Amino acid sequence: MIDSHCHLDHEPLFSNINEVIQRSKKAGIKKILTISTNLKSFENIKKLVEFDNIIYGSIGIHPHETSSNYVDKNFITENASKFKKIIGIGETGLDFFYENSKKDDQIKSFINHIEASISLNYPLIVHSRSAEKETFNILNEYKNSNIKILMHCFTGSKEFAKKMMTLNSYFSASGIITFKNSIDLQDTFKIIDNNKVLIETDSPFLAPIPMRGKKNEPSYLRYTLEKLSEIKNMSFSELEKITNNNFNNLFFNFEN
């Protein structure tokens, strides 16, 4: 299994990284992508990717952080290029549910991340909440640029998923698909092509059933894969291979 999105720099994971990685390996995790959310986060991620060979990282500013952590395209491309194990741009995107950052700041930051990802040919890790129309419209402007899009922790509508499919996007399922009230989301994942699906924990957030109430970690990824295999009417092992291959195709351009 590959955890395509988590936050190892967040507590309690960061302070217990040795135990977290040991449990991850025991659970069958082969790769972990830990995601940058602000400038301080990126500093810690540079250390984390050197901690163990299964850990990879990204560079990016979460939409909530854009008003206090502005970076431009050049900053992103220069820093991403310096580190072999930084393999993605983000998380970036738009989140209009909370007013943690101004909309204009989010949009400006998003565009800088998009253009950096195209310049480097790195996947763009997108966070979208309460901003489906705006997210699609901005990304659609770059549809002829061979942009690689990963919709992280996808919880959008079926209509939004269909629009993003026209951009050849990948979609990552989180523990949310295990929740009892996620029937619509489960139905949406049924229509997403198997070769465009990844899995993630988004840990330490969104622990899946039966771990609800605990701090999430990569070793819990199995529960999300089990639920997704049920949704997709596939065996666990078959979908494990598919999601691993999808991750490797997107981030490394090869299959297992």
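For the subset of the range 198-232 comprising residues that are in a loop (DSSP other than H, G, I, E, B) and of a type in the set (D, E, K, R), which member is farthest from Thr37 (Cα to Cα)? It comes out as Lys232. The numbered conditions (1) modelled with pLDDT under 95; (2) within 19 Å of Met151 (Cα to Cα); (3) in contact with a helix residue (DSSP H, G or I) (Cβ under 8 Å, 6 or more places away or on another chain) are all true for Ile59 except (1). If you filter the range 70-115 down to residues that are touching a Lys or Arg at 6+ places or on another chain (Cβ under 9 Å) and of a type in the set (Ser, Thr, Tyr), you find that the one that is surrounded by the most Cβ atoms within 10 Å (Cβ to Cβ) is Tyr70. Among the residues of the range 130-186, those that are of a type in the set (Val, Ile, Thr) and within 24 Å of Cys6 (Cβ to Cβ) comprise Thr135, Ile147, Ile149, Thr155, Ile176, Ile177, Thr178.
Within the span defined as the range 233-251, one or more residues are more than 22 Å from Ile35 (Cα to Cα), at pLDDT 95 or above and of a type in the set (Phe, Trp, Tyr). Here is a check on your reading of the model: is Ser172 of a type in the set (Gly, Ala, Ser), within 17 Å of Ser128 (Cα to Cα) and in contact with a His (Cβ under 9 Å, 6 or more places away or on another chain)? Yes. Number of residues in the range 13-43 that are more than 21 Å from Phe251 (Cβ to Cβ) and of a type in the set (S, T, N, Q) equals 5.
Can you name the residue in the range 61-75 that is assigned to a helix (DSSP H, G or I) and in contact with a Ser or Thr (Cβ under 8 Å, 6 or more places away or on another chain) and is also farthest from Ser128 (Cα to Cα) among such residues? Among those residues, the one meeting the criterion is Lys73.
Cβ-Cβ distances below 7 Å connect the following pairs, each with a first residue in the range 36-54 that is touching a residue at least 40 places away in the same chain (Cβ under 8 Å) and over 20 Å from Glu19 (Cα atoms), a second residue that is among the β-branched types (Val, Ile, Thr) and in a helix (DSSP H, G or I), and a separation of six or more residues or different chains: Ser36/Ile45. Of the residues making up the range 79-113, those that are at pLDDT 95 or above, of a type in the set (A, V, I, L, M, F, W, C) and within 15 Å of His62 (Cβ to Cβ) are Ile89, Leu94, Ile107, Phe110. Taking the range 218-233 as the range and being out of contact with any Gly (no Cβ under 8 Å at 6 or more places or on another chain) and within 24 Å of Ile55 (Cα to Cα) as the test, the residues that pass are Pro218, Ser219, Leu221, Leu225, Glu226, Leu228. Filtering the range 116-143 to residues that are closer than 19 Å to Leu250 by Cβ and not hydroxyl-bearing (Ser, Thr, Tyr) leaves Ala116, Ile118, Leu120, Asn121, Pro123, Leu124, Ile125, Val126, His127, Leu139, Lys143. Note on the range 110-147: residues that are within 17 Å of the chain's Cα centre (by Cα) and of a type in the set (Ser, Thr, Tyr) total 4.
One residue stands out in the range 35-60 among those that are in a helix (DSSP H, G or I) and β-branched (Val, Ile, Thr): the one that is surrounded by the most Cβ atoms within 10 Å (Cβ to Cβ), namely Ile45. Counting the residues of the range 171-210 that are of a type outside the set (A, V, I, L, M) and buried (at least 22 other Cβ atoms within 10 Å of the Cβ) gives 11. A search for C-beta distances below 8 Å between a residue of the range 92-117 that is under 16 Å from Ile147 (Cβ atoms) and free of Cβ contacts under 8 Å to residues at least 40 places away in the same chain and any residue that is of a type in the set (A, V, I, L, M, F, W, C) and in a helix (DSSP H, G or I), counting only pairs 6+ apart in sequence or on different chains, returns Thr92/Phe110; Thr92/Ile114; Ile111/Ile138; Ile114/Ile138; Ile114/Leu139. Taken over the range 147-184, the criterion of being polar (S, T, N, Q) and part of a strand (DSSP E or B) is satisfied by Ser172 alone.
The values are calculated or read from the model by the stated rules, or taken from the named source; none is laboratory data. Owing to the predicted nature of the structure, the values given are computational and were not obtained by experimental measurement. All Cβ positions, even for glycine, are placed from backbone atoms using ideal geometry, and neighbour counts span all protein chains on display.
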